[in-house]
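Step one of this worksheet: look at the structure below.
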Amino acid sequence: MQRTAAVCASVAAAVLLSSAAAKATPSGRLWKAICTVESGGDPDAYNRKERAAGIAQIRPVCLKDVNRIARLRGVDDRFTCADRNDPETARRMWALYLEHYGQDYQRRTGRAPTPEVYARIWNGGPTGWRKGSTRGYWQRVRALLKGTEP
């Protein structure tokens with residue numbers, strides 16, 4: 001009987017840990033570091049080549065994906081191109097995108113997303129965490145998180 005109780009307690013703890021990890025969200029420190037790398041913190045920044053706008057340099061394809069994710073999650077907001085230049089709204093879009101693809105990462109790998117995973121997804125798209133091309137971006141973000149300039 002004691003063994004059964006111990007097994008049940010272990011299973012319950014594992015379920016709680018995995019559901020907490022599934023709800024992991026990117027931090028405010030990560031937001032600030034990414035915005036510094038993306039735009040130097042300028043909410044009016046615009047990259048003509050990529051058509052990326054705002055403090056987080058949100059591209060039209062990302063905006064479209066964020067609206068798709070919002071619909072899937074039953075979020076009433078529908079974001080516009082102009083919203084990319086509003087830091088508060090851009091942060092909501094950023095969090096929605098990263099929470100969605102962070103959960104996807106966890107389903108694929110069985111591991112909770114880390115700041116590195118989030119940063120690389122932001123830079124390289126839904127599977128950016130596994131792209132070699134996002135490593136340099138993560139190094140710049142990590143340097144800011146550690147308090148040193150890249």
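The values are calculated or read from the model by the stated rules, or taken from the named source; none is laboratory data. Computed from a prediction, not measured in an experiment: that's the story for all the values here. Virtual Cβ from ideal backbone geometry, glycine too; neighbours counted across all protein chains shown.
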| query | Yes or no: Ala112 at pLDDT 95 or above, in contact with a Pro (Cβ under 7 Å, 6 or more places away or on another chain) and either among the acidic types (Asp, Glu) or closer than 21 Å to Thr134 by Cβ (or both)? | reply | no
| request: Collect the residues in region 79-101 that are in a helix (DSSP H, G or I) and among the acidic types (Asp, Glu), keeping them in residue-number order. | output: Asp83, Glu88, Glu99
| Cβ-Cβ under 7 Å pairs, at least 6 apart or on other chains, region 76-98 side at negative phi and of a type in the set (Phe, Trp, Tyr), far side buried (at least 17 other Cβ atoms within 10 Å of the Cβ) and part of a loop (DSSP other than H, G, I, E, B) | Trp94/Ala56
| message | For the structure I just gave you, tell me whether Arg92 is modelled with pLDDT of 95 or more, of a type in the set (D, E, K, R) and surrounded by 14 or more Cβ atoms within 10 Å (Cβ to Cβ). | response | yes
| said: What's the number of the only condition in (1) assigned to a helix (DSSP H, G or I); (2) in contact (Cβ under 8 Å) with a residue 12 or more places away in the chain that Pro126 fails to meet? | reply: (1)
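Residues are listed down the side, and each one gets a yes or a no for (1) part of a helix (DSSP H, G or I); (2) crowded, with 19+ Cβ neighbours inside 10 Å; (3) charged (D, E, K, R); (4) at pLDDT 95 or above:
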position	(1), (2), (3), (4)
Ala56	no, yes, no, yes
Val61	yes, no, no, yes
Ile69	yes, no, no, yes
Leu72	yes, no, no, yes
Gln103	yes, no, no, yes
Tyr118	yes, yes, no, yes
